[in-house]
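Below is one structure, written out as structure tokens, with a few remarks after it.
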Amino acid sequence: MAPVKIGVLISGSGTNLQSIIDNIHRGYINGEIELIISNKKAAYGLERGRNVGIPSLYIDHRSLGSDEQYNRELIKRFKEKDVDLIVLAGYLRPLSKEFIEEYKNKIINVHPSLIPSFAGKGYYGQRVHEEVLKHGVKITGATVHFVDEGMDTGPIILQEPVPVKDDDTIETLRDRVLSIEHEILPRAIKLYCDNRLKIVGRKVVLKGEVQ
């Protein structure tokens, strides 16, 4: 089976991107990253891509006049590379309805909580972990899901719990959750590339035995 062509959207340092790159290089994922795009010029994830020869672009959304035009530019760039799967790896801008329809059931996102808890509008970055600690919950985690038109509402592919310790800070909890993100995001991408994912209603069914 030919490798799946992957496009990645980032806004920051790109540690999740690095986990994807590493798992492709070791043969775990039957895919190839064709293009990385960031809405932030200083995003270190762009360097991570360039360091291994992946085309990595900064596109300034302000130069395109509107979110709709920006998303059309993203579609154009990914279409030029025949990308089949879009991965949001710490991407912090909204996707347009047009983009989501163009890549329906072909967009994967990772979120630093157990959706539907601590998810939705405003829940991104450190605020997620801040709210987890504020609420005193005992378990949090990470979720990989397909993207739909809602905010963190798409069908869930994988989840993994993470304990919340009494002496946790935002930073220690963030790092513990991030390490789990680095495990389950590549695993979800592998399942997609191996054609092992099937959406049934709001559920994602895994075909065959999970490795």
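The values are calculated or read from the model by the stated rules, or taken from the named source; none is laboratory data. Everything numeric in this text was worked out from a predicted model, so none of it was measured. No Cβ is skipped: glycine too gets one built from the backbone with ideal geometry, and neighbour counts run over all protein chains shown.
Key figures
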{"read-out": "From the options 110, 83, residue that is closer than 21 Å to residue 17 by Cβ and in contact with a helix residue (DSSP H, G or I) (Cβ under 6 Å, 6 or more places away or on another chain)", "value": "110"}
{"read-out": "Residue 208 out of contact with any Gly (no Cβ under 9 Å at 6 or more places or on another chain), within 23 Å of residue 2 (Cβ to Cβ), without any contact (Cβ under 8 Å) to a residue 60 or more places away in the chain and surrounded by fewer than 12 Cβ atoms within 10 Å (Cβ to Cβ)", "value": "yes"}
{"read-out": "Check on residue 147, of a type in the set (A, V, I, L, M) and farther than 19 Å from residue 197 by Cβ", "value": "no"}
{"read-out": "Criterion: part of a strand (DSSP E or B), at pLDDT 95 or above, in contact with a Ser or Thr (Cβ under 8 Å, 6 or more places away or on another chain) and closer than 28 Å to residue 68 by Cβ - qualifying residue of 162, 110", "value": "110"}
{"read-out": "Candidate set from the stretch 56-70 (those that are part of a helix (DSSP H, G or I) and not hydroxyl-bearing (Ser, Thr, Tyr)); member that is surrounded by the fewest Cβ atoms within 10 Å (Cβ to Cβ)", "value": "62"}
{"read-out": "Count of the stretch 113-135 residues which are in a loop (DSSP other than H, G, I, E, B) and in contact (Cβ under 8 Å) with a residue 24 or more places away in the chain", "value": "10"}
{"read-out": "Residue that is nearest to residue 205 (Cα to Cα) [pool: residues in the stretch 111-165 that are surrounded by 21 or more Cβ atoms within 10 Å (Cβ to Cβ) and of a type in the set (Ser, Thr, Tyr)]", "value": "143"}
{"read-out": "Given (1) closer than 20 Å to residue 79 by Cα; (2) surrounded by fewer than 21 Cβ atoms within 10 Å (Cβ to Cβ), number of the condition residue 27 does not satisfy", "value": "(1)"}
{"read-out": "Where residue 32 falls short, out of the listed (1) surrounded by 13 or more Cβ atoms within 10 Å (Cβ to Cβ); (2) free of Cβ contacts under 8 Å to residues at least 24 places away in the same chain; (3) out of contact with any Ser or Thr (no Cβ under 7 Å at 6 or more places or on another chain)", "value": "(2)"}
{"read-out": "Contacts under 7 angstrom Cβ, first residue in the stretch 72-90 being in contact (Cβ under 8 Å) with a residue 40 or more places away in the chain, partner aromatic (Phe, Trp, Tyr) and part of a loop (DSSP other than H, G, I, E, B), 6 or more apart", "value": "86/103"}
{"read-out": "Residues that are outside any strand (DSSP E or B) and aliphatic (A, V, I, L, M), drawn from the stretch 136-150", "value": "137, 147"}
{"read-out": "Any hit, the stretch 48-69, residues being within 22 Å of residue 185 (Cα to Cα) and charged (D, E, K, R)", "value": "yes"}
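Conditions tested, residue by residue: (1) in a helix (DSSP H, G or I); (2) charged (D, E, K, R); (3) surrounded by 12 or more Cβ atoms within 10 Å (Cβ to Cβ).
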| site | (1), (2), (3) |
| --- | --- |
| 17 | yes, no, yes |
| 22 | yes, yes, yes |
| 45 | yes, no, yes |
| 54 | no, no, yes |
| 72 | yes, yes, yes |
